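Notes for the one structure printed next.
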Amino acid sequence: MVVANVARIDWARNAAGVVKPSYWQGTLEPRPTVDWYLERCKSAVRELRETYGAQGKVSMLAHSAGGWLARVYIDTYDEEGDIGRLVSLGSPMKPVPRDVPGVIDQTRGILTYVDEKLRTVKELAPISVTCVAGTYLRGRGTFEGVSSAQAFIVGQGYKQVCGDADADGDGITPVETALMDDAEHIILEGIYHTPLGAGDDRPWYGSPGVVERWANAL
């Protein structure tokens, strides 16, 4: 296994997209803004081949935004056809619905581009795609006291992703957004989105005992 060499500070590179008119128009395309990330993925595949002498196809595991970034990589950057399998963990794979009051596309059009321009799961064949989603907390669209505060706050986040606050999700990504049409779906009950804040009482996708529930997809 090789992990793409991406540090938190690297994500600041995406700020380059802010200077483009398309960013403000909500029609931003992933490339060339995320080419730096695609290069890191390419280097990881190369390292995998050189270190392990790996033959055949490579399985790509992606978490959160890495899921749609992996789609961009496979569809536009994997010239040699190295990738044979994609597994996404809590990744937003569908665009924000248009014209929903109070909803702003946080990707500024990138997910719409990915959905409309890149290949579907059927068109990616023989590459297999598995989407893993978690149901840590159901959001709520209304605030009904302290007991519902967390669900209300999480629900406002879900609304910005899928257009509906009353949705199931992993605390960040709603289930319906994480599941691509025609992909294999794995829905894990009680699973949180990120390792930040995770623990024995709030496991995330990478927690011991949880990995085994999706690892066979690789």
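Where a number appears in this text, it was derived from the coordinates with a stated rule and is not lab data. Treat the numbers as computed from the prediction; the structure is a model and nothing was measured. Positions of Cβ are generated from backbone atoms using ideal geometry, with glycine treated the same way; all protein chains shown enter the neighbour counts.
Using bins 10 angstrom wide from zero, how does P(r) for the chain break down, in % of all Cα pairs?
Pair shares across the bins are 8, 31, 37, 19, 4, 0.
Can you give me the angle between helix 66-76 and the longest principal axis of the chain, using Cα atoms only, in degrees from 0 to 90, rounded to the nearest 10?
Around 40 degrees separate the two axes.
Using a Gaussian network model of the chain with C-alpha springs under 10 Å, which one of E184, E79, E176 is most mobile by mean-square fluctuation?
With Cα springs under 10 Å in the chain, the top fluctuation among E184, E79, E176 is at E79.
What is the antiparallel percent of DSSP beta bridges lying wholly in the chain, to the nearest 5? Each step should come with its number before you reach the end.
On the way: 4 of 22 bridges.
Expressed as a percentage, antiparallel bridges in the chain total about 20.
On a C-alpha basis, how far is the centre of the range 16-88 from the centre of the range 154-218 in Å? Whole number, if you could?
21 Å
Select from Q55, Q106, A165 the residue farthest towards the positive end of the dipole of the chain; place +1 on Cβ of Lys and Arg, -1 on Cβ of Asp and Glu, and compute about the Cα centre.
Of the listed residues, the answer is Q106.
Treating only the Cβ of Lys, Arg, Asp and Glu as charged (+1, +1, -1, -1), what charge dipole size does the chain show about its Cα centre? Round to the nearest 20 debye. Write down the numbers at each step before the final one.
Working: 22 positive and 29 negative charges, 87 e Å.
That gives a dipole near 420 debye.
Based solely on its DSSP helices, what 222 nm [θ] is calculated for the chain when runs of n ≥ 4 H residues each add -39,500 (n - 2.57) and the sum is averaged over all residues, nearest 500 deg cm²/dmol? Show your work: numbers first, answer last.
On the way: 7 runs with 64 residues, N = 218.
It comes out at -8500 deg cm²/dmol, rounded to the nearest 500.
Cross-link list K57/K159; K42/K122; K57/K122; K42/K159: which exceed 26 angstrom alpha carbon to alpha carbon? Intermediate results must be reported in sequence, preceding the final value.
Details: K57/K159 37 Å; K42/K122 24 Å; K57/K122 18 Å; K42/K159 34 Å.
Correct reply: K57/K159; K42/K159.
For a quick protection proxy, order the peptides 64-77, 189-202 by their average other-Cβ count within 10 Å, most packed first.
On the way: 64-77: 21.8, 189-202: 14.0.
Output ranking for 64-77, 189-202: 64-77, 189-202.
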